[in-house]
């Protein structure tokens, strides 16, 4: 199978969504890759700019590119924009969800940690839920609103927690400020990696709290949502196994059986 530019981009930088796409019907995979490539491009904004103004300009470029597609203009000659324009037209995807994803990424540029758990949950919801809704439209799958919100937020939350070491290395703090205050911490302390033990305790609290909020009675119909939920379960078990220590290299080691476990889960759902 010859992969598109978008597919290779996602395989390299967003391997979990690439894995999920391979478990979906072949006829929709290229469309999912184009969508996920767009998401990767806006999500990496904070990493590739030197200041907030440049970041906002970059996000505005994407906002304008999307707007032009919906206005019927010729799509910009860009490796991601061009195929995305075709996907938008083919599947009649709503502009609002793309705008919401771009707007959510402006928070990354502010350099301010969420005030509390609710703020962290909102961030995780805003940066993933619109993407999940677009993916479901491409796949022609339907799902209950409560399921979409719950599963997409949890997936994003666990991904954010696992990425804490990477983000701190770039002085990007996503730990709630009120929880930092409980341990007499501030962003400067944790960005210097001087308080790993306290951070691990905070991460444990966040995981346990979100697990208490889960409603296991929710019935999942969508294969896409089921795959995403399966990955979340896998990562939560792994966090628990390593005592929530996101700084332990073994936590981030490759899991060769991950694709098989998710595939089996879909088959048996």
When you look at residue 31, is it under 29 Å from residue 252 (Cβ atoms) and buried (at least 19 other Cβ atoms within 10 Å of the Cβ), yes or no? no
In the set 168, 131, 158, which member is crowded, with 19+ Cβ neighbours inside 10 Å and either touching a strand residue (DSSP E or B) at 6+ places or on another chain (Cβ under 6 Å) or under 18 Å from residue 99 (Cβ atoms) (or both)? 131
Just to check your reading of the model, which residue among 89, 58 is in a helix (DSSP H, G or I) and crowded, with 18+ Cβ neighbours inside 10 Å? 58
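So which of 15, 75 ends up being free of Cβ contacts under 8 Å to residues at least 24 places away in the same chain, under 17 Å from residue 128 (Cβ atoms) and surrounded by fewer than 20 Cβ atoms within 10 Å (Cβ to Cβ)?
Exactly one residue qualifies, and that residue is 15.
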If residue 255 satisfies every condition in (1) outside any loop (DSSP other than H, G, I, E, B); (2) within 25 Å of residue 174 (Cβ to Cβ) but one, which is the exception? (1)
Scanning the range 108-142 for residues that are assigned to a helix (DSSP H, G or I), under 25 Å from residue 183 (Cα atoms) and touching a helix residue (DSSP H, G or I) at 6+ places or on another chain (Cβ under 8 Å) gives 108, 110, 117, 120, 121, 123, 124
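Here are some residues: 248, 178, 233. Which one is out of contact with any strand residue (DSSP E or B) (no Cβ under 6 Å at 6 or more places or on another chain) and either within 18 Å of residue 121 (Cβ to Cβ) or modelled with pLDDT under 90 (or both)? Don't jump to the end; show me each part of the working.
Details: 248 fails: either within 18 Å of residue 121 (Cβ to Cβ) or modelled with pLDDT under 90 (or both); 233 fails: either within 18 Å of residue 121 (Cβ to Cβ) or modelled with pLDDT under 90 (or both).
Being out of contact with any strand residue (DSSP E or B) (no Cβ under 6 Å at 6 or more places or on another chain) and either within 18 Å of residue 121 (Cβ to Cβ) or modelled with pLDDT under 90 (or both) holds for just one of 248, 178, 233, which is 178.
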Just give me the residues in the range 188-222 being in contact (Cβ under 8 Å) with a residue 24 or more places away in the chain, surrounded by fewer than 18 Cβ atoms within 10 Å (Cβ to Cβ) and closer than 28 Å to residue 141 by Cα, in sequence order. 211, 214, 215, 218, 219, 221
Of all residues in the range 166-197 being in a loop (DSSP other than H, G, I, E, B) and within 22 Å of the chain's Cα centre (by Cα), which is nearest to residue 117 (Cα to Cα)? 176
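Output yes when any residue across the range 70-85 is within 30 Å of residue 260 (Cβ to Cβ) and either outside any loop (DSSP other than H, G, I, E, B) or over 17 Å from the mean Cα position of the chain (by Cα) (or both), and no when none is.
Yes, the range 70-85 contains a residue that is within 30 Å of residue 260 (Cβ to Cβ) and either outside any loop (DSSP other than H, G, I, E, B) or over 17 Å from the mean Cα position of the chain (by Cα) (or both).
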Given the structure, is residue 97 at pLDDT 95 or above and surrounded by fewer than 20 Cβ atoms within 10 Å (Cβ to Cβ)? yes
Determine whether the range 36-49 contains at least one residue that is under 26 Å from residue 262 (Cα atoms), touching a helix residue (DSSP H, G or I) at 6+ places or on another chain (Cβ under 9 Å) and outside any helix (DSSP H, G or I). no
Looking at the range 150-172, I want the residues that are in contact (Cβ under 8 Å) with a residue 60 or more places away in the chain and have a partner that is part of a loop (DSSP other than H, G, I, E, B) with Cβ atoms under 6 Å, at least 6 apart or on another chain. Which pairs are those? 162/246; 164/246; 165/246; 165/247
Yes or no: the range 228-241 includes at least one residue that is more than 23 Å from the chain's Cα centre (by Cα) and either surrounded by 15 or more Cβ atoms within 10 Å (Cβ to Cβ) or more than 15 Å from residue 162 (Cα to Cα) (or both). no
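The values are calculated or read from the model by the stated rules, or taken from the named source; none is laboratory data. It should be emphasised that the depicted structure is a prediction, and the values quoted were computed from it without experimental measurement. Positions of Cβ are generated from backbone atoms using ideal geometry, with glycine treated the same way; all protein chains shown enter the neighbour counts.
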